[in-house]
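Step one of this worksheet: look at the structure below.
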Amino acid sequence: MTAQFEIPEVYGVLAEYKEVHELISATQIVLDHGYKKIQTFTPHPVKELSELLNHDTRLIAFLTLVMGIGSCLGGYYLQYWISAISFPVNIGGRPYHSAPAFIPATFEITILGAAVTVFFSFLILCGLPRLNHPLFNVHQFSRASIDRYFLFVHANDPLFEISSTTQILNQSSALGVYNVKR
Amino acid sequence: MNNDLVDLNLTNLSITKKITDVVLTRRQGPYWWLGLFITALLTSSFVIGVIYIFLVGVGIWGINIPVAWGFAIVNFVWWIGIGHAGTFISAILLLLHQKWRTSINRFSEAMTIFAVVCAGIFPLCHLGRPWLFYWIFPYPNTMGIWPQFRSPLVWDFFAISTYFTVSLLFWYMGMIPDLATLRDKATGKIRKKVYGILSLGWRNSSLHWSYLERSSLLLAGLATPLVVSVHSIVSLDFAVANVPGWHSAIFPPYFVAGAIFSGFAMVLTIVIPVRHFFNLENLITKKHITNMALLCIVTGSIVAYGYLVEFSLEWYSGSNFEKHLLINRALGFYAPLFWIMIICNVLVPHIFWFKKLRENMLVVFIVSLLINLGMWLERFIIVIVSLSHNFMASAWRLYFPTFWDWIFLFGTVGLFFFLIFLFIRFLPAISIYEVKDLVHEENSQGKVP
């Protein structure tokens with residue numbers, strides 16, 4: 001017998017809204033129900049949603065500071081090591097360790113190190129690049145980058161239960177509620 | 001409802017359509033093709049020039065002793081300066097919460113990158129053996145030698161490469177959401193794939209937006225001191241030398257002000273035709289143009305003040321060489337260029353005090369061209385007039401550009417606009433999500449009783 005246990009792999013439920021205030025109030029309702037693993041998708045940044053969902057982005061600033069200081073020290077030491085230790089060249093009797101002359105390159109290396117850190121930590125913390133994602137399977141989701149507002153409840157939320165979650169979303173002013181398959 | 005920064009009747013859908021149509025559906029008109037053709041021609045001539053200089057060497061330029069820095073360094077400083085206004089608009093105005101930057105920041109960032117590309121080629125070709133340019137980078141090598149960190153040339157290398165990298169990262173990061181919009185809007189298979197890959201799977205989630213906003217602020221905070229440092233370091237290429245007319249402590253701030261001044265002029269030169277030919281008048285409004293015109297007065301006045309200080313320092317220096325330089329500039333062989341520069345940079349921007357004139361697009365466009373010319377002449381005067389009359393009268397010698405010097409100047413102008421034309425055609429030239437955000441913000445402010 002080739003019995004197969006087909007567990008419907010549900011990734012979550014997605015609701016579509018026309019206006020940003022509808023999404024904000026729906027998010028508030030879902031949060032009030034006690035859901036934790038939710039995400040919103042909007043064509044432009046919405047401050048209220050970031051506050052509601054309480055995103056903590058301070059890590060990126062911390063990493064930038066650390067890497068900036070690291071590049072600063074590293075950049076200076078590189079110049080010191082080259083000019084005073086590895087390859088000392090006497091030019092008009094100037095000191096091998098000419099600190100003022102090392103400042104411009106140190107500054108530029110600091111900025112470069114910090115900026116590269118910002119960019120890559122932005123990508124890594126956002127989970128990008130990731131070209132495939134279950135949400136892209138929902139046809140309507142392509143409008144998230146154009147004009148529609150979306151609310152998504154993840155299936156691994158402890159409260160998630162497909163029918164009741166869908167019902168909650170249906171009661172909001174959603175244009176449509178879609179099941180997202182993995 | 002209307003607002004002087006943006007048309008408030010625009011919706012998410014119409015903003016998306018307006019901006020993506022330029023890339024996705026609109027057939028480019030004859031002007032675009034004509035522009036692309038001319039600039040492609042200039043770019044090809046530039047490529048030929050670069051190949052020629054690789055084969056033959058810098059002798060094809062008019063440089064000699066004592067004027068060893070000719071058009072190449074003039075153009076280099078000019079292009080780098082033009083880039084600076086882009087960073088000013090995208091970074092400094094972001095930190096200052098200036099809403100009017102929204103619809104022009106993508107453009108000006110692109111301008112920065114293309115200007116730095118044009119600028120970077122000159123010192124490279126000027127090296128003599130350009131294929132060995134990487135020797136300036138500190139990498140472990142079998143020769144056992146290292147770059148000389150006491151030299152401004154090495155500082156310059158670090159400044160320009162950092163500036164290019166940071167500008168590119170800033171530009172690309174801000175464009176990811178708009179590339180995602182293009183991905184979702186595109187109908188063709190290839191386009192969908194290309195924009196899909198470029199947008200890295202951006203999903204518009206609030207977490208993404210939060211990180212993007214935080215990262216943009218951080219990058220803006222890093223780019224702000226960077227932009228000041230880059231032209232300061234470029235100015236140190238001159239100020240560290242003891243040539244009269246170069247050896248001056250005023251140079252770093254004076255160069256930075258000049259850079260931003262010329263950059264604003266270049267933004268105007270590009271934006272005015274673009275908003276006209278691509279019907280973007282309700283996104284790039286009169287307010288944007290007049291704001292930039294006013295900034296031209298401000299930065300132009302700082303530049304004029306810089307001239308005044310520089311001339312006084314030379315006049316009261318007590319050094320005959322410095323005094324001679326000042327007289328030679330104003331009355332010598334290159335005097336006509338000096339006076340054109342004074343007219344273009346000091347006098348012309350002040351016609352923007354008149355509201356009628358700064359709201360007339362043609363006038364603003366012509367003035368922006370004059371400022372570009374004036375700022376190019378300023379660099380010509382700094383580089384060439386100072387070198388041609390050095391300490392020893394017996395060593396004086398005039399400089400005349402050759403055919404190839406002109407090819408390199410106009411070739412890079414061609415390359416710059418060629419890249420701009422392609423940018424308008426293939427990438428979102430106006431930040432879609434920032435305009436949406438602006439419209440929402442302005443509308444919700446209006447609704448509050």
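The values are calculated or read from the model by the stated rules, or taken from the named source; none is laboratory data. Keep in mind the model is a prediction, meaning the values are calculated, not measured. Methodologically, a virtual Cβ is constructed for each residue, glycine included, from the backbone with ideal geometry; neighbour enumeration extends over all protein chains shown. When the accessible area is computed, the model is the full protein with side chains, heavy atoms only, and any ligands, DNA or RNA have been set aside. Shrake-Rupley method; radii C 1.70, N 1.55, O 1.52, S 1.80 Å.
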### Two-site label geometry, A:Ala99 and A:Gln167: point separation in nm, points 7 Å out along Cα→Cβ
7.3 nm
### Query
D for region B:193-294, whole µm²/s, Stokes-Einstein with Kirkwood Rh over alpha-carbon pairs at 10 °C and 1.306 mPa s: what number?
91 µm²/s
### Task
Return the aspartates and glutamates within reach of B:Lys193: Cα separation strictly under 19 angstrom, same-chain partners fewer than 8 residues apart disregarded; answer none if there are no such residues.
B:Asp21, B:Asp178, B:Asp184
### Message
Once R0 is set to 41 Å, what does the formula 1/(1 + (r/R0)^6) return for the Cβ-Cβ distance between B:Phe354 and B:Thr11, expressed as a FRET efficiency to the nearest 0.05?
### Response
0.65
### Task
Give me the lysines in straight-line cross-link reach of A:Lys37: C-alpha distance below 24 Å, same-chain residues under 8 apart excluded.
A:Lys18, A:Lys47, A:Lys181
### Task
Over 28 Å between C-alpha atoms is what I'm after, so list which of B:Lys355/B:Lys436; B:Lys18/B:Lys287; B:Lys17/B:Lys189 land there.
B:Lys355/B:Lys436
### Query
How large is log10 I(q)/I(0) at q = 0.17, 0.22 Å⁻¹ when the Debye formula is applied to the Cα atoms of region A:6-82, each weighted equally and without solvent?
-0.79, -1.04
### Message
With just the Cα atoms defining each centre, how far is region B:363-416 from region B:98-116? Give it in Å.
### Response
26 Å
### Message
Under a Cβ-only charge scheme (Lys and Arg +1, Asp and Glu -1), can you give me the dipole magnitude of chain B about the Cα centre, in debye to the nearest 20?
### Response
1160 debye
## Note on the structure
Between the residues B:Leu398, A:Phe119, B:Leu236, the Cα farthest towards the positive end of the dipole of the protein assembly as shown, that dipole coming from +1 and -1 charges on the beta-carbon of Lys, Arg, Asp and Glu, is from B:Leu398
### Task
Could you calculate the FRET efficiency of B:Val56 with B:Phe321 from 1/(1 + (r/R0)^6), where r is the beta carbon distance between them and R0 is 30 Å, rounded to 0.05?
0.30
### Task
Give, to the nearest whole percent, the P(r) tail of chain B beyond 36 angstrom, counting all Cα pairs.
30 percent
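Of all the accessible heavy-atom surface of region B:249-354, with the other protein chains kept in place and a 1.4 Å probe, what percent is carbon and sulfur?
76 percent
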### Message
Using 20 Å bins from zero, what percent of all Cα-Cα pairs in the protein assembly as shown falls into each bin?
### Response
17, 47, 28, 8, 1, 0
### Summary
Between B:Val240 and B:Asn443, Cβ-based FRET efficiency (R0 35 Å, step 0.05) works out to 0.05
## Note on the structure
Between the modelled labels at B:Arg425 and B:Phe333 (7 Å from Cα along Cα→Cβ) the distance in nm is 4.3 nm
### Message
Counting heavy atoms of the protein chains only and a 1.4 Å probe, report the per residue accessible area for the protein assembly as shown as a whole number of Å².
### Response
44 Å²
### Message
If the elastic network links every pair of Cα atoms under 10 Å, which of B:Asn291, B:Asn12, B:Asn141 fluctuates the most in the Gaussian network model of chain B?
### Response
B:Asn141
#### Entry: Residues with amide H under 5 Å from that of B:Thr402, placed H, sequence gap 5 or more
B:Gly62
### Query
For the protein assembly as shown, with only Lys/Arg (+1) and Asp/Glu (-1) charged at the beta-carbon, what is the dipole magnitude about the Cα centre, in debye rounded to 20?
940 debye
## Note on the structure
On complex formation of B with A, accessible surface lost, both sides summed, probe 1.4 Å, nearest 100 Å², amounts to 5300 Å²
### Query
To the nearest 20 debye, what charge dipole does region B:227-326 have about its Cα centre, counting +1 at the Cβ of each Lys and Arg and -1 at the Cβ of each Asp and Glu?
400 debye
